[in-house]
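Working notes, structure below.
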Amino acid sequence: MKYYVLTLFPDLIRQITSTSILGRGVKSGAIEVETVNIRDFATRSSMRIDDYPYGGGAGIVMEPEPVYQAVRSVEEKLGRRPRVIYLTPQARVLDQTKVEELAREEELILLCGHYEGIDERVLEEVVTDYISIGDYVLTGGELGAAVIIDAVSRFIPGVLNNDESTQFESFQDNLLEYPHYTRPEEWHGRRVPEVLLSGNHEKIEEWRHEQSLIRTRERRPELLEKSFTVTGIWYGTDAARETAQSLTAQLSRYGTVLDYGRKKLQKMHRSFGPQDLLLLALPQEGQGEQTCITGLNSCPEEGLSERVAGSEKGLREKAAGSEERLQEKAAGPEKGLLEKAAGPEEGLQERAAGPKDGLREKAAGPEAKEMTFSERFRNLRGTSTPAVVLYGGDETQRQEAVKYLWESGFSVIEEVPCTDTYRTPEGCAGLSLKIRKKILQ
């Protein structure tokens, strides 16, 4: 990621981005920050780039031409027009979803106004995004630009030491983060909660989720209106399982993944509300176990054939070994041992063939006895529940799934074909962002 900051005070930006985590990111090359002094494009010999506003009033306004030329200088260097962000309180307040969206860009131009602002005509011509960092007024856009650089850079690989820090932190589930504790175990009579010392990771995750909900309800209750409980459902191929697991984990720290190939789950009545999000991963026709998101490429039929062949070979070897040992014993005067030698060989050969036939039947079984979608999900019900359908190449199956979900109280907000785009971590993150933007609208 490379940031171009258009400002009248480049030293301020340099100081902020040369220390701490941002400084390390710049030093490692994970991010680059280049300042462009708007004053260098002044059209007057006095180097002034501002003037009094038409219509009167207090303060002065930055002229359009120096700003325009500063933006054009970056565009000419890049050979294209990147997003140009103008920092202003007259805009939607920056949030985590917007931060993740910006992190997917290769370059960003951050335009910092000053005084009473910038001539409206140049803003209309060059700006692509208007962003505020809060409902208050600052003396200039430099601090807002620094906030964007800091927030966005956390999602750039190589900036943070722990990738999980960006995925699981405040606002990732639209919840505030749980409390944190470190040594000592007791301080000023206050002890670390016992569950955090237990080593039971499942209990710890439950406690953290509960604390996130409590803290959000107390401090930012409005966030709960856009907080969704994510459930991933899959059946059929390993590709569908990997798809459901990967996307659920990307969307929520506290999501659940269910295998609806299990009859026990099919029999359970399960209801979803408007604060739930259902992810349905259908079997991916013709892709075997090639996963939609994580890119695992193994074919179940090939794997099954290898296991069948291995079982058959091993059992034949055992059969041959038994035959040799029994024939040695049969060399004695007792004739009946030869008959016994033949018997185990026949039985073992039958056993060698048996697993092969059984595995082949098992491989063919699900296809022969495939349930309809409505039969499998007959006990699922939604109430204006947003749903996302991830499908393979079977168009009939997709249509049946979408039709049934709508009839059962779900609102299908996205139908996603599992293409190569979504078989990478970047593709998964992009799909996650797309879904979050839809449900947060």
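A few remarks follow.
- For the pair the range 25-77 / the range 212-234, the C-alpha centres are spaced 42 Å from each other.
- DSSP bridge pairs, the range 1-129: antiparallel proportion in percent, nearest 5: 10
- Cut-off under 5 Å, modelled amide H: who pairs with Ile31 long-range: Val26
- For the range 183-239, a Kirkwood hydrodynamic radius built from all Cα pairs, placed in the Stokes-Einstein relation at 4 °C and 1.567 mPa s, yields a translational diffusion coefficient of 89 µm²/s.
- Computed with every protein chain present, the accessible area of His114 is close to 30 Å² [probe 1.4 Å].
- Protein heavy-atom surface of the range 34-115, 1.4 angstrom probe: 47% of the accessible area is carbon and sulfur, with nucleic acids and ligands not counted.
- Accessible area per residue for the range 24-148, computed on protein heavy atoms with a 1.4 Å probe, is 53 Å².
- Pairs beyond 24 Å (Cα-Cα), from Lys27/Lys77; Lys77/Lys438; Lys2/Lys98; Lys2/Lys226: Lys77/Lys438; Lys2/Lys226
- Per residue, in Å², the accessible surface of the range 214-280 once ligands and nucleic acids are set aside, probe 1.4 Å: 48
The values are calculated or read from the model by the stated rules, or taken from the named source; none is laboratory data. Source: prediction; values computed, not measured. Please note that ligands, DNA and RNA were not included when accessible areas were found on the heavy atoms of the full protein model with its side chains. Shrake-Rupley method; radii C 1.70, N 1.55, O 1.52, S 1.80 Å.
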